[in-house]
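The values are calculated or read from the model by the stated rules, or taken from the named source; none is laboratory data. Given the structure is predicted, the values throughout are model-derived calculations rather than measurements. Neighbour counts run over all protein chains shown; Cβ positions are idealised from the backbone, glycine included.
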Amino acid sequence: MGLLSLAIWTPIAFGLVLLALGRDEQARAVRWLALVGAVVSFLVTLPLYAQFDTSTAAMQFVENAAWIDRFNVKYHLGVDGISLWFVLLTAFINVIVVIAGWEVITRRVNQYMAAFLILSGLMIGVFSTLDGLLFYVFFEATLIPMYLIIGIWGGPNKIYAAFKFFLYTLMGSLLMLIALIFLYTKSGGSFDLATWHALRLDSRSQTLLFFAFFAAFAVKVPMWPVHTWLPDVHVEAPTGGSAVLAAIMLKLGAYGFLRFSLPIAPDAAHEWAWLMIALSLTAVVYVGLVAMVQEDMKKLVAYSSVAHMGFVTLGFYIFIDLGMSGGLVQMIAHGFVSGAMFLSIGVLYDRVHSREIASYGGVVNTMPKFAAFSLFFAMANCGLPGTAGFVGEWMVILAAIKFNFWIGAATATALIFGAAYTLWMFKRVYLGPVVNDDVKALKDIDAREFLMLALLAAAVLWMGVYPKPFTDVMDVSVAQLLKHVAISKL
Amino acid sequence: MIDKISWIVALPDLVLLVMACVIALMDLGVKTALRGKTYVLTLATLAVVAYLQAERALSGATLYGFGNMVVSDAMGNWLKCFATIAVMVTLVYARGYSAHRGMLRGGELFTLSIFALLGMSVMISGNNLLVIYMGLELLTLSSYALVALRRDNATATEAAMKYFVLGAMASGFLLYGMSMVYGATGSLDITAIFKAIASGQIRHQVLVFGLVFIVAGLAFKLGAVPFHMWIPDVYQGAPTAITLMIGGAPKLAAFAMIMRLLVEGMLPLAMDWQQMLLMLSVGSLLVGNLAAIAQTNVKRMLAFSTISQMGFVLLGIMSGVVSGDSLTFTANAYSSAMFYVITYVLTTLASFGILLLLSQEGFESEEIADLAGLNQRSPLYAGVMAVCLLSLAGIPPLVGFYAKLAVLQALVASGQAFHLGIAVFAVLMSLIGAFYYLRVIKVMYFDEPITASSVVAPLDVRVVLCINGGLVLVLGLLPGGLLALCGNAIRQMLGT
């Protein structure tokens, strides 16, 4: 079994074992097994990075086996510089999520842990497949565990949120399915991505394909104006669910743009780039403003996610390698930072059971250690130099200014809004005198929470100070992709 | 005199017939409420028959017997084999339920089931209009009696009445259409009809007139819109065990009947019947999915969902021939429909199996609300049910997804822009479908249970249910084998 298969199936196997395992009386054993599963799954992804050859844009660790003959579908895996980091990120966040749910989840622990482990395997599958149908299978299958996670362990309005999540994203992916079948027919019976990349398509087909893929990926990212499901879902989802959703699941959409929309329909991508840029700018500026007026911390971070993902799509569609790398770096950074933000909110929520900004104030007085972490993550969220958040945003803004000064200038305003809503929230929640008895009674974070936040903080700092390992891996692949996109298929 | 070949062709069916009589006689002496001996003997018979059919299917030969009246080919034998297994599984699920409701006082459940299966077998292997019709009548007459098996229950009796009246009307349609075709072509033999039509000497008008009636009759039997109204009433009214009996295996036979009549018999008229099937399938997708949303009764909801699923099957059959030359596309289209029917039956068996399991001990699990909190009562059964529902909704990696994919692919492969539009429509309809399937999952997983009592099931039910639900998942991960099986069977039938 290849390394990639191992990375996909290890967490799923552990998840299935957990499902078969017992009830809440054995919760302790279940938690430990889940942790072992998550850590092992993370460890098996490390050789991918260690053995990765940064000098080539070719797919590496390729596995190719026949799967469904009738459709000529292959079990075809491989990663390049664009996908490698997401495999690692997914496995890493999975470990954090298991730690985060350790004591918080007391009901149906085995199902909770299993859902996250299986989800993690499926998402790694999305990032490492080179077959269109296999991609679709993994992409869609992620909906099932997430639906259950939101619906079982979510907040008061969880059912509405679970349905909204499932149906919104299913709607998008079903249109993508038609696009996949169309490509399959056009290419004379192949689901192979490389074949599709080389396929010549007329302008009308390209436009149709572009919008079919757009339906799937824009909803997932989510781009304005199809982002409305995200705040609702974040508010209701349990902490771990929010973290995975923001850190990984949103990236599936952005990743899809790079793997499908751009290389398969390059002419349509150029033709409609103005639309993508306009929508991304709207997300960055307008949604940034929306984030500012939120009363609910999770909603605020959710809107901030939409704004940050706007940077990503903006970076992709200006067709400059700096912008594309910037978008990718931003995706990874946002994975760490937004995950950390949601987990921090979770820490507060577990103690006070409120996400309203107004029910807090002066938390720094009772939870100094925690407040220090939160400050650090808040700074990363506004893109302070030296943190992960800075690198990607800076690259995208630089590229945008190269592309068009005014677009660049508009993009840069996001830094101001980002700082405004993040710092304002930080001030209201953490600074000032202790406002009520709830806050007075708060206990500072324990060793488990410390570990979880420290891991993320280390990642954020490392990426901010020394982003070279990240950009090195992606440079060749990004250049290759841009070269491909620049050639007309008409 | 039965010649040697005829004997081979009909052997499994003859075994069924003889054993049906033996079991009926033996049952006279069985006294226990659970009818253990009858049950075991029935299952053993069916197992042997399924084996015989599978063996024939694997041999891959096409044989004609009784003066071309019956045919034994790979498609028919596989469908018969799966139908037999489906009836076996149905009986395993149904026994406890039926015993609690006094439906086992006589042994009719087992005898009638075997006769219904015999009807299906005859229908599937019929190569002659009258043989097909006879099989159909044997199946439906047994089904009417099965629905009425709970004599003291008003709703069941009412359902049987509705079923009988509408079913008889459908049979009338079908017979009328067959007589028109006979009148036009001068033969009842499917092969002869095909040759006559293909010769182009027959007056098109008369043929199409007969065709309309045949398609209407088929649509009635399959439950396609606008001939669907009996389905929800009968599904809801019949005892759940019987709902499964008439909603499971007979779908395979109905598919075979469509293939025999429309494809083997009247392929040259494809341009005509495809238009009709298109309208039927679009209507079924629309009405089935929209009406299912409003249902609070699970059986009724599943009935409407069946209507929409049959829409997909018809979509597969209609996307076969377009210009009349490419047999590969045609084979793909029909085999996708066959795959769809088989997986549909597999999924239906497990989902109704769960309903039967929950209906033990005098309690009818019919409302969606009755499934509340099933995950807390039994994570295993909730899991099986969830897998089935998600499969019906077409979510990967479950087998229902590949069924939908195969049909959509056949549709798109026909290369017409109009068909692409139909594919988008079908996909949007499955989005609506996902909503009501998800609602049931929501009830099972997110709601609190009404009773905390865990679900108990006898060992045989538990084992079969796990295998059944497991297959929905395993075939989803590895659908290649079954897809190839369907493809080969259809290619053999088309003679390519």
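Things to note:
- For region B:142-169, filtering for residues that are touching a residue at least 24 places away in the same chain (Cβ under 8 Å) and assigned to a helix (DSSP H, G or I) leaves 15.
- Residues that are over 21 Å from B:Leu25 (Cα atoms) and either touching a Phe, Trp or Tyr at 6+ places or on another chain (Cβ under 8 Å) or among the hydrophobic types (A, V, I, L, M, F, W, C) (or both), drawn from region B:93-125: B:Tyr93, B:Ala94, B:Met120, B:Val122, B:Met123, B:Ile124
- Checked against the criteria, A:Pro222 counts as away from chain B (no Cβ under 11 Å), in contact with a Leu (Cβ under 6 Å, 6 or more places away or on another chain), of a type outside the set (Asp, Glu) and not in a helix (DSSP H, G or I).
- Where helices (runs of 4 or more DSSP H) fall wholly inside region B:372-447, the ranges with 2 or more residues that are facing chain A (nearest Cβ under 10 Å) and out of contact with any Pro (no Cβ under 9 Å at 6 or more places or on another chain) are B:379-393, B:399-413, B:417-446.
Conditions (1) over 28 Å from B:Leu357 (Cα atoms); (2) surrounded by 24 or more Cβ atoms within 10 Å (Cβ to Cβ); (3) at pLDDT below 95, marked per residue:
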site	(1), (2), (3)
B:Ser98	no, yes, yes
B:Arg105	no, no, yes
B:Met123	yes, yes, yes
B:Gly126	yes, yes, yes
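- Any hit, region B:339-346, residues being crowded, with 21+ Cβ neighbours inside 10 Å, within 9 Å of another protein chain (Cβ to nearest Cβ) and either over 27 Å from B:Leu34 (Cβ atoms) or more than 19 Å from the chain's Cα centre (by Cα) (or both): yes
- Taken over region A:151-191, the residue count meeting the criterion of being of a type in the set (Lys, Arg) and within 10 Å of chain B (Cβ to nearest Cβ) is 2.
- Within region B:173-229, the set of residues being assigned to a helix (DSSP H, G or I), within 19 Å of the chain's Cα centre (by Cα) and of a type outside the set (A, V, I, L, M, F, W, C) comprises B:Gly217, B:Lys221.
- Scanning region B:332-391 for residues that are touching a Gly at 6+ places or on another chain (Cβ under 7 Å) and more than 26 Å from B:Gly476 (Cα to Cα) gives a single hit, B:Gln360.
- Of all residues in region B:471-496 being more than 12 Å from every other protein chain (Cβ to nearest Cβ) and small (Gly, Ala, Ser), the one that is surrounded by the most Cβ atoms within 10 Å (Cβ to Cβ): B:Ala489
- The residues on offer are B:Ser336, B:Ser351, B:Ser365, and the sole one that is buried (at least 24 other Cβ atoms within 10 Å of the Cβ), among the polar types (S, T, N, Q) and in contact with a Leu (Cβ under 8 Å, 6 or more places away or on another chain) is B:Ser351.
- Scan region A:126-141 for residues that are at the interface with chain B (Cβ under 10 Å from one of its Cβ atoms) and over 17 Å from A:Trp196 (Cα atoms) and the total you get is 5.
- The residues of region B:426-475 that are free of Cβ contacts under 8 Å to residues at least 60 places away in the same chain, of a type in the set (Val, Ile, Thr) and more than 16 Å from B:Gly394 (Cβ to Cβ), listed by number, are B:Val463, B:Ile467, B:Val474.
- Condition check for A:Leu33: assigned to a helix (DSSP H, G or I), of a type outside the set (Val, Ile, Thr) and surrounded by fewer than 16 Cβ atoms within 10 Å (Cβ to Cβ): no
For every residue, the table says whether it meets (1) hydrophobic (A, V, I, L, M, F, W, C); (2) under 17 Å from A:Val233 (Cα atoms).
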position: A:Met276; (1), (2): yes, no
position: A:Leu279; (1), (2): yes, no
position: A:Val284; (1), (2): yes, no
position: A:Ala291; (1), (2): yes, yes
position: A:Leu300; (1), (2): yes, yes
position: A:Asp321; (1), (2): no, no
position: A:Ser325; (1), (2): no, no
position: A:Gln330; (1), (2): no, no
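- Helices (runs of 4 or more DSSP H) lying entirely in region A:372-489 (those with 3 or more residues that are within 28 Å of A:Leu48 (Cα to Cα)): A:388-403, A:447-465, A:468-486
- Residue that is modelled with the highest pLDDT, among those in region B:439-457 that are aliphatic (A, V, I, L, M) and out of contact with any Gly (no Cβ under 9 Å at 6 or more places or on another chain): B:Val440
- Taken together, A:Phe390, A:Phe403 contain a single residue that is within 23 Å of A:Val460 (Cα to Cα) and hydrophobic (A, V, I, L, M, F, W, C), which is A:Phe390.
- Scanning region A:71-123 for residues that are under 30 Å from B:Leu485 (Cβ atoms) and either out of contact with any Ser or Thr (no Cβ under 8 Å at 6 or more places or on another chain) or in a strand (DSSP E or B) (or both) yields A:Phe71, A:Val73, A:Lys74, A:Tyr75, A:His76, A:Leu77, A:Ile118.
- Residue in region B:29-39 that is more than 30 Å from B:Asn153 (Cα to Cα) and touching a Lys or Arg at 6+ places or on another chain (Cβ under 8 Å) present: no
- Check on B:Val313, out of contact with any strand residue (DSSP E or B) (no Cβ under 6 Å at 6 or more places or on another chain), at pLDDT 90 or above and more than 14 Å from chain A (Cβ to nearest Cβ): yes
- Filtering region B:122-133 to residues that are farther than 17 Å from B:Ala83 by Cβ and part of a helix (DSSP H, G or I) leaves B:Leu129, B:Leu130, B:Tyr133.
- Of everything listed in (1) in contact with a Leu (Cβ under 8 Å, 6 or more places away or on another chain); (2) closer than 18 Å to A:Ser120 by Cα; (3) modelled with pLDDT under 90, the single unmet condition for A:Leu19 is (1).
- Scanning region A:132-167 for residues that are of a type in the set (Phe, Trp, Tyr), in contact (Cβ under 8 Å) with a residue 60 or more places away in the chain and surrounded by fewer than 22 Cβ atoms within 10 Å (Cβ to Cβ) yields a single hit, A:Tyr160.
- When region B:161-215 is filtered for residues that are hydroxyl-bearing (Ser, Thr, Tyr) and under 20 Å from B:Glu137 (Cβ atoms), the ones remaining, listed by number, are B:Tyr163, B:Ser171, B:Tyr176, B:Ser179, B:Tyr182.
- Taking first residues from region A:414-435 that are farther than 15 Å from A:Ser359 by Cα and partners that are not in a helix (DSSP H, G or I), the Cβ contacts under 9 Å between residues at least 6 apart in sequence or on separate chains come to A:Ala414/A:Gly383; A:Leu415/A:Gly383; A:Gly418/A:Gly383; A:Ala419/A:Gly383; A:Ala419/A:Leu384; A:Tyr421/A:Val293; A:Tyr421/A:Gln294.
- Residue in region A:323-339 that is outside any helix (DSSP H, G or I) and closer than 19 Å to A:Lys251 by Cβ present: no
- Only one of B:Ala426, B:Ala403, B:Ala382 that is under 23 Å from A:Asn110 (Cα atoms) and small (Gly, Ala, Ser): B:Ala382
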